[in-house]
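Below is one structure, written out as structure tokens; comments come after it.
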Amino acid sequence: MGTATFKSFAMAFCAFFAAQGAFAADWFAKDNLQPGHDPSMIRLEDGYALMSTNNHLQLWTSEDAYTWKDNGRTLKSVPGWLTTYAPGMEDVWAPDIYKFDDGYHVYYCGSEFGKRNSAIGYTVSKSMLPGTDGYGWTDKGHVFHTKEGVDKYNAIDADVIKTSKGEYWMAFGSFGLGIQLIKLDGKTGFQANDDKTVYNIARRTSTASGGAEEGPSLIEHNGQFFLFTAWDKCCQQGANIEQTTYKTAYGRADNVTGPYKDRAGYNMATGGGTIVLERYGRYVGPGGGEAFQDLNRVRFVHHYYDNAGDKYNHIHIRDVVFTDDNWAEMGQPFFGRYLSAEAEHGVLTRAVSGDLAVTRGTKASGSEYLGYINTKGSQIHLPMNIMQAGEYIMRYRYANGGTGTATHSVTVNGKAQNVKLPATGAWGEFPETSVAMIPATLKRGGNFIDVSPVPDGENFAELDRIDFLRVIRDTIPGNGFDNGIRVRLNEKDELAIKDGGYALFENVITDSIASNNVSIQVKNASGKLSLRAGSKSGTVISECDLSKAVSSANGWSVVKCSEMKSQKGVQDFYLTASGVSGEVAVGNIMFKAEPAPASSSSEAKVESSSSGTEGFNAPVLPEAARYTVNHQGNDVLVRLNMVGKHQVVLMNTMGQLVAVRFVDADETGAEVRFENLPKGRFVVRVK
């Protein structure tokens, strides 16, 4: 990974960090234990809305998806029309929130338990936030129903999707013939008249399962459709919690109507499905979930039962992490931090029974950690979404109560390194000094970290948590933000921010920043942008008056901001907007005296192949050129034909930094490799 220069920097930073103990964010995670069954979430401009089963469509809202506000029930009573189809029902189930042109639709269902007397309807409001203009629910009534003794599937658990073609579809179903799909009219919200087909897209066929498949959820990603469903027995909690076997499985299709096939190629309509989430540790029955599009990532909200706590239902929100070939894996439950991984929530592969023991401990983050990382073949797999490509330090929190140094193999996107873990003096304790620092190069999007033991006599180590720290020298790309409010990625993949909004950039290593001089690339410049440390209302460390922006290249203007106040250690940066008219597009946040010059025609351009399947097509420069660029799979290889110390920069076509390498070339030149890059167009510059 990386270059010798980056490794040297990493070692120097690790020594400094160990001496300072400077980590601004609260590393000790806590689960918020939000209650709910069969949850549905939607992204709003100022945060999120959440509903769940058996509470008359109770509405919860949150700015950060961690702290929730109860806004009361949106239904005063069960709609009378619903009891016509399900006379024995008691409450509405499984809401699904979806944004249509005329407002927010909430599809819900009613059913007689254990029977197919069921129906789906919806209610609509122009706003999801109580107290705002347009808030107020109007019930629209019946959409679809089934009848006991007539239908072989069940009209419950609705889930709506709008495809990239602009079509609306609704999946639903439970047991029997499993999951069905019908087309909706995008204007009325009811079943479309131009296609009345009921498509069967998933079904459990084994006798042992009893046909137990329900709770569908659809999402489109990179031109393909993903169907998540819940398998097996749900909802046994309290004293009956051990009877719950709920889990989550999925498949993928090229068309919304299917066929949906799992990773092994089996059709979900004939029993296929790849399991992505099932019982682990104290987390029983993770299912009944819904995938939804957040600002810059796909997330999955679901319920589970806490077997070590109250044994009742709570909600987790996870990232869906996509592989390079566009398959889905489940990331961490969200505990308020985006650039953190709790080891106990990884995908655990045990070589022997008892290995990788999820262990309770009050001195561990989340009050849990992994012990007995002992046997060759055991592995901890951690899928992570990273929004900014580049160099990172993985802050690896461990405990080694032995007398000798332990070793773990840590693999990042297929590239492994052995990490030495000296004795810390105690087992099950993870103080601020009990960390190792591991340099890594991460890509934008899905990253996959695998940890396994390297047995060395009796020397072992436990693992609590990994934090991912950004190595920032002179640039933070605006579109590398982790979350925020009143922000979005526009059609050019740029950060766009409105008045009163903020964008969060977690875990910035401020000690590596090259200069306190700050400038920002902007479009549609008005108002002010402020860079703050620690929180959205934290100390302003640099302020940018957008009226002073100067026109630059490629449609950007550059504003010189106030000199940044000196920062130390690791900080969360917040970019806040005030006095903005409309929205401002933000390119790079730059820490240097002058903005980087515009790209010139002499730069080597590295582009993805037209088919998008072979990584990169790079022109080979003439022999006499200062450097040449070539590709090998998803890597870019830069060959320097000159002597001296050089900086090799890889940027995207917006001029945003992707990665930097430093090299000292001798008479024979030198080579620099950029590894595991996403598909796209890139620019190489050598300084």
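The values are calculated or read from the model by the stated rules, or taken from the named source; none is laboratory data. Since we're looking at a predicted model, the values are computed, not measured. Backbone-built Cβ (ideal geometry, glycine too); neighbour counts: all protein chains shown. Remember, those area values only see protein heavy atoms, side chains included, never the ligands or the DNA or RNA. Shrake-Rupley method; radii C 1.70, N 1.55, O 1.52, S 1.80 Å.
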Worksheet entry | Residues located in segment 220-236, provided they are part of a loop (DSSP other than H, G, I, E, B) and open to solvent by less than 40 Å² (accessible area, probe 1.4 Å) | Asp232, Cys234
Discussion item. Over 30 Å from Thr146 (Cα atoms), outside any strand (DSSP E or B), among the hydrophobic types (A, V, I, L, M, F, W, C) and modelled with pLDDT of 95 or more: is that true of Ala18 in this structure?
Written reply: no
Practice prompt. With respect to Gly404, determine if the residue is surrounded by fewer than 18 Cβ atoms within 10 Å (Cβ to Cβ) and touching a strand residue (DSSP E or B) at 6+ places or on another chain (Cβ under 6 Å).
Written response: yes
Worksheet item: If you check Glu563, Glu583, which single one turns out to be within 30 Å of Ile509 (Cβ to Cβ), surrounded by 19 or more Cβ atoms within 10 Å (Cβ to Cβ) and at pLDDT 85 or above?
Response: Glu583
Worksheet item: Does segment 307-318 contain any residue that is closer than 28 Å to Pro439 by Cβ, part of a strand (DSSP E or B) and in contact with a strand residue (DSSP E or B) (Cβ under 6 Å, 6 or more places away or on another chain)?
Response: yes
Worksheet item: Just for segment 199-219: of the residues that are assigned to a loop (DSSP other than H, G, I, E, B) and touching a residue at least 40 places away in the same chain (Cβ under 8 Å), which one is least open to solvent (accessible area, probe 1.4 Å)?
Response: Arg204
Discussion item. Between Gly501, Gly484, which is in contact with a strand residue (DSSP E or B) (Cβ under 7 Å, 6 or more places away or on another chain) and at positive phi?
Written reply: Gly484
Worksheet item: For residues in segment 293-326 being more than 14 Å from the chain's Cα centre (by Cα) and of a type in the set (Phe, Trp, Tyr), which is most open to solvent (accessible area, probe 1.4 Å)?
Response: Tyr312
Practice prompt. May I ask you to list the residues in segment 246-261 that are touching an Asp or Glu at 6+ places or on another chain (Cβ under 7 Å) and either surrounded by fewer than 17 Cβ atoms within 10 Å (Cβ to Cβ) or at positive phi (or both)?
Written response: none
Worksheet entry | Check on Gly272, part of a loop (DSSP other than H, G, I, E, B) and modelled with pLDDT of 95 or more | yes
Item to complete: Residue by residue through segment 353-382, note down the ones that are open to solvent by less than 10 Å² (accessible area, probe 1.4 Å) and either within 26 Å of the chain's Cα centre (by Cα) or small (Gly, Ala, Ser) (or both).
Response: Leu356, Ala364, Ser365, Glu368, Leu370, Gly371, Ser378, Ile380, Leu382
Response to the item:
Conditions (1) assigned to a loop (DSSP other than H, G, I, E, B); (2) open to solvent by 30 Å² or more (accessible area, probe 1.4 Å); (3) over 29 Å from Gly258 (Cβ atoms) -> Leu348 fails only (1)
Worksheet item: Within segment 140-160, which residues are among the aliphatic types (A, V, I, L, M), part of a loop (DSSP other than H, G, I, E, B) and under 22 Å from Gly80 (Cβ atoms)?
Response: Ala155, Ile156, Ala158
Worksheet item: What is the residue count in segment 319-341 for residues that are of a type in the set (Phe, Trp, Tyr) and outside any loop (DSSP other than H, G, I, E, B)?
Response: 1
Discussion item. Which of the numbered conditions does Thr245 fail, given that it passes all the others? Conditions: (1) assigned to a loop (DSSP other than H, G, I, E, B); (2) over 22 Å from Val347 (Cβ atoms).
Written reply: (2)
Item to complete: Please report, ordered by residue number, the strands (runs of 3 or more DSSP E) entirely within segment 422-507 with at least 2 residues that are in contact (Cβ under 8 Å) with a residue 12 or more places away in the chain, surrounded by 21 or more Cβ atoms within 10 Å (Cβ to Cβ) and touching a helix residue (DSSP H, G or I) at 6+ places or on another chain (Cβ under 9 Å).
Response: 435-442, 462-471
